[in-house]
Amino acid sequence: MVVYISERRISPRLLFKTALRVRAWKSGPSEQSVESENLSEGGTFFATDMPLLIGSALEILLKMPEEISGKPTMEWRCTGHVVRFQPIDISQGKLGVGVQFDCYEILRSKAPISSQAA
């Protein structure tokens, strides 16, 4: 695992691929399954073709791994906002999206989130 160091970050960011279920805040049941490129307790980065803007509010469901939280792997529901974009796969219309988590709750879910993206 690679750790990026930046004085702006509160928690270390790791190159960590895990399944994410992402939807625009209060947009109804429509969600997109994606895979993280990197992850920390404070945010994530992933590729998507969702139409988003800087500041867009998102809800993200994921299994937060022990390597990042220091606690046993648990399902988290995070709310956050888009803080940056980066071209990733323009040929497929995808942008890399950086999301800063604003808050999260730990879930006891009946619907498991797989450890691999669809």
* Select from region 20-33 the residues that are open to solvent by 10 Å² or more (accessible area, probe 1.4 Å) and either in a strand (DSSP E or B) or polar (S, T, N, Q) (or both) and list them in ascending order. => Arg21, Arg23, Ala24, Ser27, Ser30, Gln32, Ser33
* Select from region 86-109 the residues that are hydroxyl-bearing (Ser, Thr, Tyr) and surrounded by 10 or more Cβ atoms within 10 Å (Cβ to Cβ) and write down the one among them that is farthest from Gly43 (Cα to Cα). => Ser109
* Asked: Is it the case that Gly80 is within 15 Å of Lys26 (Cβ to Cβ), in contact (Cβ under 8 Å) with a residue 12 or more places away in the chain and touching an Asp or Glu at 6+ places or on another chain (Cβ under 9 Å)?
  -> yes
* To do: Select from region 34-51 the residues that are hydrophobic (A, V, I, L, M, F, W, C) and over 16 Å from Phe101 (Cα atoms) and write down the one among them that is most open to solvent (accessible area, probe 1.4 Å).
  => Met50
* For region 3-19, enumerate the residues that are at pLDDT below 80, in a loop (DSSP other than H, G, I, E, B) and open to solvent by less than 70 Å² (accessible area, probe 1.4 Å). => Ser6, Ser11
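Conditions tested, residue by residue: (1) modelled with pLDDT of 90 or more; (2) assigned to a strand (DSSP E or B); (3) under 18 Å from Leu14 (Cα atoms); (4) out of contact with any strand residue (DSSP E or B) (no Cβ under 9 Å at 6 or more places or on another chain).
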{"residue": "Leu58", "(1), (2), (3), (4)": "yes, yes, no, no"}
{"residue": "Lys71", "(1), (2), (3), (4)": "no, no, yes, no"}
{"residue": "Cys78", "(1), (2), (3), (4)": "yes, yes, yes, no"}
{"residue": "Pro87", "(1), (2), (3), (4)": "no, yes, no, no"}
{"residue": "Ser91", "(1), (2), (3), (4)": "no, no, no, yes"}
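The values are calculated or read from the model by the stated rules, or taken from the named source; none is laboratory data. The shown structure was predicted, so the numbers you read here are calculated from the model rather than taken from an experiment. No Cβ is skipped: glycine too gets one built from the backbone with ideal geometry, and neighbour counts run over all protein chains shown. What goes into the accessible areas is simple: the full protein's heavy atoms, side chains included, and nothing from ligands, DNA or RNA. Shrake-Rupley method; radii C 1.70, N 1.55, O 1.52, S 1.80 Å.
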